[in-house]
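Contents: one structure, followed by commentary.
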Amino acid sequence: MKSLWSPWRYAYVASNKSGGGCIFCQALSLNSDEEGLILYRGKQNFIILNAFPYNNGHLMIAPYAHTSSLEESDITLTTELVQLIQKCIKVLSLVYKPDGFNIGLNLGKVAGAGVTDHYHWHIVPRWNGDTSFMTVVSKTRVIPEDIQSTYKKLKPHFQG
Ligand SMILES: [Zn+2]
């Protein structure tokens, strides 16, 4: 698990140093959801593309509230969260036809969280052989698709 999650973690830490603040709150404050890579806004949570994806179609779901406490989140928020996870699986299955998914979250720096004070779920599509491929190229992931293409491909499926 550690090696799976680490690539984007380093990217996050690097980007946070230059940008400052919380990347989730920053994305929400932009005038354009496309600029912020936000695919869907629910009632209490939103879906955003990971700008430093582990794989094509690497999505994240976070609450609007800037909080680190999943355990304190109320039931309506967490219910919607699970519904949004289902939505992500449906859309990604349709668009990218992955063989499986890694879905989870890292709470706290020691657990690998790049952003520790605004919790967020990762939905990472997986294909047979992608891990061994990563090993072969010595920890460097090749992401064949640029992030704007991913956004344009996925966005229509999250509307309506
Ligand atoms: Zn935040």
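Across the stretch 112-129, rounded Karplus estimates of 3J(HN,Hα) from the backbone phi angles (6.51 cos²θ - 1.76 cosθ + 1.60, θ = phi - 60°) give x, 6, x, 10, 8, 9, 9, 5, 7, 8, 9, 10, 10, x, 10, 10, 3, x Hz, Gly and Pro being marked x. 3J(HN,Hα) along the stretch 49-65, derived from phi through the Karplus expression 6.51 cos²θ - 1.76 cosθ + 1.60 where θ = phi - 60°, amounts to 6, 7, 5, 10, x, 6, 9, 4, x, 6, 10, 9, 10, 9, x, 4, 5 Hz, with x in place of Gly and Pro. Among the listed pairs K90/K153; K43/K153; K87/K155; K43/K87, which are separated by more than 18 Å between their Cα atoms? Correct reply: K43/K153.
3J(HN,Hα) along the stretch 85-91, derived from phi through the Karplus expression 6.51 cos²θ - 1.76 cosθ + 1.60 where θ = phi - 60°, amounts to 4, 4, 4, 4, 4, 4, 5 Hz, with x in place of Gly and Pro.
Just so you know, all these numbers are worked out from the coordinates, no wet-lab data involved. Since we're looking at a predicted model, the values are computed, not measured.
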